[in-house]
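Enquirer: Sharing a structure below in structure tokens format, with a few things to ask.
The values are calculated or read from the model by the stated rules, or taken from the named source; none is laboratory data. Model, not experiment: these values are computed from the prediction. Glycine also receives a Cβ, built like all others from the backbone with ideal geometry; neighbour counts cover every protein chain displayed. Side chains are part of the model used for accessible areas, which takes the heavy atoms of the whole protein and leaves out ligands, DNA and RNA. Shrake-Rupley method; radii C 1.70, N 1.55, O 1.52, S 1.80 Å.
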Amino acid sequence: VQLVESGGGLVQAGGSLRLSCAASGSIFRIIVMGWYRQAPGKERELVAAITSAGSIKYADSVKGRFTISRDNGNYTVALRMNSLKPEDTAVYYCNALAIVHYWGQGTQVTVSL
């Protein structure tokens, strides 16, 4: 499974960004797709995940601000991020679970004051 991310960048606090991730390869094995993030000096953490059946999980810190969506036909997953805060600054990684975890290359999201 290969994951290619797009989106990210620099935005002021309160702004919005959209991340997108497209999967290719053995996509029929994918069970869950989602987004993780890793800030400097911190561990990688789950931001949001969605199963092929549509079940969704969000980190408490992003509930009400971030929305994850998935297109099973195209095996893409998107993350709409609203009301961004400086503490959302991190490298965001697309993730796909298909027996093992697969990761994208990461995309930087920077939220300035």
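Enquirer: State, to one decimal in nm, how far the label point of Ser83 lies from the label point of Gln2, with both points 7 Å from Cα in the Cβ direction.
Expert: About 3.9 nm, to one decimal.
Enquirer: Can I ask one more? Take the Cα coordinates of the range 1-43, assign each an equal point scatterer, and use the Debye formula without solvent to give log10 I(q)/I(0) at q = 0.14, 0.26, 0.34 Å⁻¹.
Expert: For the range 1-43 at q = 0.14, 0.26, 0.34 Å⁻¹, log10 I(q)/I(0) is -0.49, -1.04, -1.20.
Enquirer: Calculate one ³J(HN,Hα) per residue across the range 4-20 by plugging θ = phi - 60° into the Karplus curve 6.51 cos²θ - 1.76 cosθ + 1.60, and present them in order as whole Hz with x for glycine and proline.
Expert: My calculation for the range 4-20 gives 10, 9, 8, x, x, x, 10, 8, 7, 3, x, x, 10, 9, 10, 9, 9 Hz in order.
Enquirer: A follow-up question, please. In debye, nearest 20: dipole of the range 20-69 around its Cα centre with unit charges on the Cβ of K, R (+) and D, E (-)?
Expert: In total the dipole reaches around 40 debye.
Enquirer: Something else now. Could you do me a favour and compute the accessible area per residue for the chain, 1.4 Å probe, result in Å²?
Expert: Here the residues of the chain average 52 Å² of exposed surface.
Enquirer: Also, I was wondering about something else. Using the Karplus equation 6.51 cos²θ - 1.76 cosθ + 1.60 (θ = phi - 60°), what ³J(HN,Hα) coupling, rounded to whole Hz, does each residue of the range 96-103 give in order, writing x for Gly and Pro?
Expert: Once rounded to whole Hz, the list reads 10, 9, 9, 6, 10, 7, 10, 10.
Enquirer: Another question, if that's okay. Roughly how many debye, to the nearest 20, is the charge dipole of the chain about its Cα centre, given +1 on each Lys and Arg Cβ, -1 on each Asp and Glu Cβ, and no other charges?
Expert: 140
Enquirer: For the range 1-70, what % of the accessible area comes from carbon and sulfur atoms, probe 1.4 Å?
Expert: Carbon-and-sulfur percentage of accessible area, whole number: 51.
Enquirer: Ala13 versus Leu113, label points 7 Å from Cα toward the beta carbon: distance in nm?
Expert: Placing both labels 7 Å along Cα→Cβ, they lie 0.7 nm apart.
Enquirer: Then there's this: In the chain, what percentage of the DSSP-assigned beta bridges are antiparallel, given to the nearest 5?
Expert: Around 90 percent of the beta bridges assigned by DSSP in the chain are antiparallel ones.
Enquirer: Stretch Phe28-Asn74 to full length: gain in nm at 0.36 nm per residue minus the Cα-Cα span?
Expert: 15.5 nm
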